[in-house]
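**Q** Following this message is one structure expressed as structure tokens.
The values are calculated or read from the model by the stated rules, or taken from the named source; none is laboratory data. Worth saying up front: this structure is predicted, and the values here are computed from it rather than measured. We place every Cβ from the backbone using ideal geometry, glycine too, and count neighbours over all the protein chains shown.
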Amino acid sequence: MNTVVARKKRHYRVRKTVASTTGRPRLAVFRSAKHIYAQIIDDGQGKTLVAASDLKMAGKVKAEKAFEVGKQLATAAAKKGIKKVVFDRGGYLYHGRIEKLAQGAREGGLEF
């Protein structure tokens, strides 16, 4: 099975149970071959509250960039008063860059 198809199947399966509530928006992660993106989404309104990516970071290993994206996202979320989120790994395995992003977000003050 194609890896993209397998990821999408996992993502649809996870999204059946992972949804934001009024007090806990969803932290969604997208990982491409070169970059990583994260955003905090209010599913009730269908709006992105906070977003961060590694597009403008240079000179680091991808895992370090992912950690920094998590910290940036947590800092921006704290400014908007968001402390608790639901982690949506987007069908990716909780390993490598996804894990580093989560560690950075937790270190930055987000709870999930």
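**Q** Take the stretch 82-100 and flag every residue that is of a type in the set (A, V, I, L, M, F, W, C) and either over 18 Å from Thr3 (Cβ atoms) or modelled with pLDDT under 95 (or both). Give the steps one after another, and end with the answer.
**A** Pass one, the stretch 82-100, residues of a type in the set (A, V, I, L, M, F, W, C): 82, 85-87, 93, 98.
Residues satisfying the conditions are Ile82, Val85, Val86, Phe87, Leu93.
**Q** From the list Gly81, Gly23, exactly one residue is in contact with a strand residue (DSSP E or B) (Cβ under 9 Å, 6 or more places away or on another chain), surrounded by fewer than 17 Cβ atoms within 10 Å (Cβ to Cβ), not hydroxyl-bearing (Ser, Thr, Tyr) and not in a helix (DSSP H, G or I). Which is it?
**A** Details: Gly81 fails: in contact with a strand residue (DSSP E or B) (Cβ under 9 Å, 6 or more places away or on another chain).
Just one listed residue meets the conditions, Gly23.
**Q** Does Gly91 qualify as being in a loop (DSSP other than H, G, I, E, B) and within 24 Å of Lys8 (Cα to Cα)?
**A** yes
**Q** May I ask you to list the residues in the stretch 61-78 that are surrounded by fewer than 19 Cβ atoms within 10 Å (Cβ to Cβ), of a type in the set (Val, Ile, Thr) and part of a helix (DSSP H, G or I)?
**A** Within the stretch 61-78, Thr75 is the sole residue that qualifies.
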